[in-house]
Every structure is written in C-alpha cells, then in structure tokens.
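Below is one structure, written out as structure tokens, with a few remarks after it.
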Amino acid sequence: TPYREQRALQFQKLYQQLIVAAGTRPWQMLKEVAKRAAVINYEHRGTGDGFTWICKESNIPDSSKHRDEFQQAVERFIDSQVLVPGKWKPIRPWELRGNTIRARHLRRMQETLELYNEAI
C-alpha cells in the first residue's frame, strides 16, 4: 500500500542517518552491520520447534563408537547455534559431505531444522 511504502522509505532514511551518525566511514559501518546481521539471522538458526523435531527424529546409535560420533555431531550443531558475532562457528559444507555418522547426523539436523524451523 502507499502507506507501507512511505513507512519503508522513512525507515530507510532513518537507518541511513543512524549509520552515518554511528561512524565516520558509513560504507565501512554498513559492511560491519551487514556482517553482524548475517550471523544473527543465520538461515539455519534454531527455534524451539525446530529443536524439538530434531530431538524427536534423532536416531541415537546403539554402539558406543557410533554414540561418540553422534555426540560430536550434536555438540558441533550446538556450536553452530551460538549466533554471537565473533564467536559463531557455522557448519561448513565440507562437514556435511561424506557418509560418516557425524556428517549424516549433521545433515539430518539441518534438514529437520529447515523443515520445522518456522512451525508454530
């Protein structure tokens, strides 16, 4: 609607003013803000429902060796959910490759999170 368009333009103008006021180099400041926003708004960010479904759909292995790898996958997934700029450790594509227990569980966790992340 025209009203929403006007509000969006007003927001953009005020945001630009905020960026300029925050530092002497607006483009550098905007890059930093975008970088931080990419961490905080990570596409595989977990929600309560997403985590609930991950737990429900996890098949915990029987053997102790496989349980150790499963535990490593869970811990790695948890590390990827610490969405603090400077401390964030996203799961890298190479960690999802292969047929190891860890890779399979990481893939399954991310797929489940994507599927149920927005469910309420």
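The values are calculated or read from the model by the stated rules, or taken from the named source; none is laboratory data. Treat the numbers as computed from the prediction; the structure is a model and nothing was measured. For neighbour counting, all protein chains shown are included, and Cβ atoms are generated from backbone atoms with ideal geometry for every residue, glycine included. Quick note on the areas: whole protein, heavy atoms, side chains included, nothing else; ligands and nucleic acids left out. Shrake-Rupley method; radii C 1.70, N 1.55, O 1.52, S 1.80 Å.
Add -39500 (n - 2.57) for each DSSP H run of 4 or more in the chain, then divide by its residues: what number comes out at 222 nm, to the nearest 500 deg cm²/dmol? Spell out each step's value before the answer.
Values: 6 runs with 83 residues, N = 120.
Result for the chain, helices only: -22000 deg cm²/dmol.
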Rounded to 10°, Cα long-axis angle of helix 64-80 versus longest principal axis of the chain: 0 degrees
Selected from Gln72, Gln16, Gln81 as most flexible by GNM, with the chain as the system and alpha-carbon contacts under 10 Å: Gln16
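What is the extension gain from Gln71 to Lys56, computed as 0.36 nm multiplied by their sequence separation minus the C-alpha to C-alpha distance, in nm to one decimal? Provide the component values of the computation, followed by the final result.
On the way: separation 15, 0.36 × 15 = 5.40 nm, distance 1.55 nm.
This chain segment gains 3.8 nm when fully extended.
With all protein chains present, how much of the accessible area of the chain (probe radius 1.4 Å) comes from carbon and sulfur, to the nearest whole percent? Before the final figure, lay out each step's value.
Numbers: 5060 of 9070 Å².
Within the chain, the accessible surface is 56 percent carbon and sulfur.
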Segment Thr24-Ser64, extension gain: residue separation times 0.36 nm, minus the distance between their alpha carbons: 8.8 nm
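Give me the accessible area per residue for the chain, probe 1.4 Å, as a whole number in Å².
Details: 9070 Å² over 120 residues.
About 76 Å² of surface per residue is accessible.
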Count, lysine Cα pairs under 30 Å in the chain, 8 or more residues apart or across chains: 11
Degrees separating the helix 48-57 axis from the principal Cα axis of the chain, which is the longest one: 20 degrees
Label-point separation in nm, Gln12 to Asp79, each point 7 Å along Cα→Cβ: 4.1 nm
